[in-house]
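Notes follow once the structure below has been shown.
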Amino acid sequence: METSIDEREVELITLMLQRAVSEMSAEACEQCGVCPSACPVARHMETFNPRRMIAKISLGQIEELLKSPEIWTCTSCLKCKERCPENISPYDVILVLRNLAVRAGYPYPEGYDDFVKNVLDSGMAQQPQAVRTRGRQRRDRESLGLPPAQRPRDMEAFSEILGGIVKAGRSA
Amino acid sequence: MKYALYLGCTVQAEQYAYEASVRQVLPRLGVELVEMEGASCCGFPAFSSISSLGWHYLSARNLAIAGSLGLDVLPLCNGCHLSFTETQHALEKDPHLRQFVDQKLAQEGLNYSEGVRPIHMIELLHDIIGADRIEEAVERPLEGLKLASHPGCHAIRPSEMQRPDDPEDPTKLDDLARALGATTMDYPEKTDCCGSLLSTASGRTTLSIAGEKLKAVRDHGFDGLFTTCPYCFKMFDGRQRAIGATIGDRSLEVPVFYYTQLLGLAMGVEPEKLGLELNMSPVDGIVKRITGGSN
Amino acid sequence: MVNSALVIGGGIAGIQAALDLADRGVEVHLVERSPSIGGVMAQLDKTFPTMDCSICILAPKMIECSRHPNITLHTLSEVKEVRGSAGDFRVKVVENPRYVDPVKCTGCGVCSEKCPTKVPSEFQMGLGTIKAISVPFPQAVPLVARIDTDHCLYFTKGVCKLCERFCPSGAVDYEQEPREVELNVASIIAATGYRLYDPTEIGQYGYKRYLNVLTALEFERLVCASGPTGGKLLRQSDGEHAHRIAFVQCVGSRGHRVGASYCSSACCMYATKEAVLIKEHEPESEVTIFYIDLKVFGQGFQDFVSRARDHWGVRYIRGKPGEIREDPRTKSLTLWYENTDTGEVAKTEVDLVVLCTAMLPHESSGELAEVLGIETDEYGFLRSKDPLTSPVETSRPGVYVAGCCHGPKDIPESVAEASGAAAKAAEVIGMSGTGGD
C-alpha cells in the first residue's frame, strides 16, 4: 500500500533531529578518554572510538561520520553515557547520527530493514518460531501452552501510521 | 499486584522459556498478569536507530494499551523497559512530539496516559515482592550452587533514567539468588554487556564480547549464570557454541538460566513447565541437583 | 587604637598570616576549630617542588605560634558572631571543651596508653587509630590531649575514667564547659582551607569498595614515616608491599556530572611528587600517572615533571581511565584506559590506585561567610573582592581571605596570599571604627 509522506511529520522529524544535534555538546568534550576505555567495542575494534567520534563532530566532520560504518557498531551498553565526566552521551549522539545517515540515504547494515519490515507487516520484529529443545524436539507457543501471539488490533491503521513515519524520516 | 504483561518481540517469538517460567512463578507469588491485546514491538533497538519518531510511537502505543487497562506495565526485556522509560521522558519534554503521538494514537483508537509505570522484573521481584517473601516460597533451596548474576546493561544504565539497580554496584539479583539458597559473589565483569545489539553490524565482535564475560564467569568458579533479559539470555545461552568457537575455547560450558526458571525450580515447579528443555546451555546437571534427579 | 587581628584557620595560610602580623607587633588571635593547628600541610610527607619534609618546615612555625608573645591560640574554637567594622570589630568566639586542662597537661601520653577505646584517627585519614583521649598527632600544637566524647566510655556510658585516674598531672576534667570569649580586633583574616571531594559516588573507581583504591591524602599518610605503616607502602588488603601504582587525575574535578567543574590546581604537581616519593623509596616500582592535562604552572614545576619522567621513569599517559576493576582473589586492580595520544585502548594491572580528588570549599564556608558578612562565589568558596586588583580583600573592609578558602591552590601560593592578607590586615589598624554593626 502506498503511504504518502506527511509534510508535518517531516517537519517534526527535522525539528527533533535539529534539537538532538544541538544537545550533543561535543564542544564540552575534553577528550579525556573515559568513553573509549569503558566501551566494550572499542576494546575489540580499533575502528570504533567514541572519543574520536565526538572530536570529529566538534570539528564539523559530521558528514564523514554519517557515511562511515563506525556509527553502526555501538552495542548500546551505555557505559559511555553513564561515566562521561561532562555528561555527554556518545550513545545518544550515535543514535542521532544513525537517524541522520538513514535520512541522507547512506548505507547501513541490512538487519535494520528486516526488523522494520517485520514490524510493519506483523507488529513484531519477528514472527513466533518453532524452537528446538536440547533433545532436538520442536516446540512452539501452542505446544508449550502459551497464549497466542499479540499483534495490533487494526494492522492496517498501524502499518499506515508507522510506515508513514518511516517514510517521512527518509525524506530530507 | 496486577500488571499488564508486555512480552516484547524476542520473548513472544522465541524466548518461550522466559515467558513460561514467568507465567508459572509470578502468580504463585500473588502477581496477576493481564494480557496486552494489540501489543506491538517497542521499537528498540532498530527504530531508535532508523526512525526515532517511529520508535517513540511504538513505545507510546504500548504504554497507551497498558493505560487503557488501568495498569502499570511489566516488560520482560531490559531494552523494552528502558525504551518505555525513555519514551515517557521524551513525551514529557517535547510537547510537539506528544501532540503528534496523541494524534496518531487516536487513529488506532488509543489514548496515551502519563501515569503508566514501567515495572522492571528486578524491581518487581526485589523491591515489590521482596527477597523475604521469595525465600518463604522456596521448597527446594539451591544449596551449594554458586551463581553469577547478570543484570544486563539496560537494567542498570543510564542511572538518570531510574534503572532498578545501581550502575556500578548492582546487588539486587545477588540478593534474589541468595533468597533461593544459592551463594553468589561479586565479580568484576558483572556490569559488562552481552554484546547482542552489535550483532546486526558485526557478528564476530559480538561473540568476542559475550565470550569475555562467559569465560570470566567460568574462571571465577561459578556454577552458572542467570539473567532477567531475553537478549542477554539468547546470547549467552543460545549462542554459547558460536561464542566458544570465536574465542578459541570450545570447552566453554556455562549453564545459563533465566532467574524465573531458577525461582520456579526452587519453588517446586516441575522443570518442563519452566521451559528448561529449551535452554541450549548444559543445564541438566544443575536441574538434577535441585530436583534431586527426579526429572 | 585596636592593635589586634583575628586569623580564622590554623593551616599554613593562617599560621603564616599570624606570624607576619605578630612579628610586626600586632596582637593576633588564631582561632582553629580542630584540636591542633597545622591543617593539611601537617599531614603531608613532602612538599613540591623542593621535596622538603613538610612537617619539618611546618612544625617550627607551629611552635612559634604557640610561643610567640603576640599570638593567642584558640583551638577547638569557632567564630560565632562578628560586629563592628574595619579597625574595630567585636567578635564572639566559642572555645569548645577538650576535657583536659591545657595548663596542667604535659602531653606525656599516659592517658592514651590507659584508654581502652580506639577511634579512627582523622589525622591518619582513617587508616590508623588513636585512643578516645589523645593528642591528635605527635607534633600537635598545643601538645594537649583531648577527649572524643562520641567514643569515650565515660561520656557515652558513664564508665571507665581510667585517664583521670592515671594522669600524673591531674589534668583530666570531665566537667569542662564551652567558653565564650569576646575579642576586639581591627581586622579579620579567613584562612579556613578546603575539604576534599569524596569519590565514593564515582562507582566505577570502586573507592570504599576496593581496599586498594585510595585518595591522595590517604596515600600521603601511607608513605609518611609518621603514618600508620611507618612509611612503608603497604596495601590495605593484605599488608603486602605495593610495587605497581597508578595515579588517576581529575577525580571529581573538571566535570559537570559530579564534584567540581573547575580544575583543582595542585593535583598534577602533588601526583608527580607522590610518584617521585615512590620511586625514591623503590626505583624499580612501576608508577603511572593518568592525566588529561598537566597543569604545572609554577616556578620550577615543568622541570619537576620532566625530571620525574626522564630521570625517575614515572610513566605519564594522557587518558583518564574509564573503569577500575578489582580481582576478587588478589585485590589487585585493573585499569582500562585509552592512551589518547596513540588511540590505543588497553588495560594495566596495578597493586594500588591513588585518586587525585577535587578540592572543594570547606564545609564551614557558607556559615562563615554569613558570620563574616561576606559573599561566597558560585562554587561555594569565600569570595575575594577582585581576582586581579584585590585578591585577598573581600566585599567587607577589614575582612580578608588567604589560601584555599577562596579557591584551590598550592602551598607556595597560600603562603604568598597569607603574607598579602597580613599586610592588608595591618593597614586597617588605627582606623576608627563606628563601634556598632
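Here are some notes:
- Index of the failed condition, B:Pro27 passing every other in (1) within 27 Å of A:Thr75 (Cα to Cα); (2) more than 11 Å from every other protein chain (Cβ to nearest Cβ): (1)
- Among the conditions (1) on the phi > 0 side of the Ramachandran plot; (2) surrounded by fewer than 18 Cβ atoms within 10 Å (Cβ to Cβ), C:Gly398 misses just one, which is (2).
- Wholly within the range C:67-163, strands (runs of 3 or more DSSP E) carrying at least 2 residues that are among the charged types (D, E, K, R) and within 23 Å of the chain's Cα centre (by Cα): C:77-85
- For the range B:206-252, taking the residues that are among the polar types (S, T, N, Q) and under 25 Å from B:Glu14 (Cα atoms), the one that is farthest from the other protein chains (Cβ to nearest Cβ) is identified as B:Thr228.
- Any hit, the range C:292-301, residues being aromatic (Phe, Trp, Tyr), outside any helix (DSSP H, G or I) and modelled with pLDDT of 95 or more: no
- Verdict on B:Leu76 being farther than 21 Å from A:Leu120 by Cα and buried (at least 22 other Cβ atoms within 10 Å of the Cβ): yes
- Candidates A:Tyr112, A:Tyr108 - the one that is hydroxyl-bearing (Ser, Thr, Tyr), more than 14 Å from chain C (Cβ to nearest Cβ), in contact with a Phe, Trp or Tyr (Cβ under 9 Å, 6 or more places away or on another chain) and part of a loop (DSSP other than H, G, I, E, B): A:Tyr108
- Evaluation of C:Ser253 against the conditions (1) part of a loop (DSSP other than H, G, I, E, B); (2) touching a Pro at 6+ places or on another chain (Cβ under 8 Å); (3) modelled with pLDDT of 95 or more; (4) buried (at least 18 other Cβ atoms within 10 Å of the Cβ) shows that the sole unmet condition is (2).
- Only one of the numbered conditions (1) in contact (Cβ under 8 Å) with a residue 60 or more places away in the chain; (2) more than 8 Å from chain A (Cβ to nearest Cβ); (3) part of a helix (DSSP H, G or I); (4) not charged (D, E, K, R) is not met by B:Thr10, and that is (2).
- Test: B:Asp175 is within 14 Å of chain C (Cβ to nearest Cβ) and within 20 Å of the chain's Cα centre (by Cα): no
- For the range B:242-279, the set of residues classified as in a loop (DSSP other than H, G, I, E, B) and free of Cβ contacts under 8 Å to residues at least 24 places away in the same chain consists of B:Gly248, B:Arg250, B:Ser251, listed by residue number.
- One residue alone among A:Leu78, A:Leu162 is at positive phi, at the interface with another protein chain (Cβ under 7 Å from one of its Cβ atoms) and either touching a helix residue (DSSP H, G or I) at 6+ places or on another chain (Cβ under 7 Å) or of a type in the set (Ser, Thr, Tyr) (or both), and that residue is A:Leu78.
Here's the yes/no breakdown for (1) more than 30 Å from C:Ala190 (Cα to Cα); (2) within 14 Å of chain A (Cβ to nearest Cβ); (3) touching a Ser or Thr at 6+ places or on another chain (Cβ under 6 Å); (4) of a type in the set (Val, Ile, Thr):
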{"residue": "C:Val296", "(1), (2), (3), (4)": "no, no, no, yes"}
{"residue": "C:Gly313", "(1), (2), (3), (4)": "yes, no, no, no"}
{"residue": "C:Lys331", "(1), (2), (3), (4)": "yes, no, yes, no"}
{"residue": "C:Thr357", "(1), (2), (3), (4)": "no, yes, yes, yes"}
{"residue": "C:Glu363", "(1), (2), (3), (4)": "no, no, no, no"}
{"residue": "C:Ile374", "(1), (2), (3), (4)": "no, no, yes, yes"}
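- Residues within the range A:22-40 that are under 19 Å from C:Pro321 (Cα atoms) and surrounded by fewer than 13 Cβ atoms within 10 Å (Cβ to Cβ), tallied: 0
- Only listed residue being touching a strand residue (DSSP E or B) at 6+ places or on another chain (Cβ under 7 Å) and either modelled with pLDDT under 95 or surrounded by 15 or more Cβ atoms within 10 Å (Cβ to Cβ) (or both), chosen from A:Arg19, A:Arg43: A:Arg43
- Screening B:Asp166, B:Asp186, B:Asp192 for residues that are within 14 Å of chain C (Cβ to nearest Cβ), more than 18 Å from the chain's Cα centre (by Cα) and part of a loop (DSSP other than H, G, I, E, B) leaves exactly one candidate, B:Asp186.
The values are calculated or read from the model by the stated rules, or taken from the named source; none is laboratory data. Bear in mind that the values here come from a model prediction, so they are computed numbers and not experimental data. FYI the Cβ positions are ideal-geometry reconstructions off the backbone, even for glycines, and counts take in every protein chain you see.
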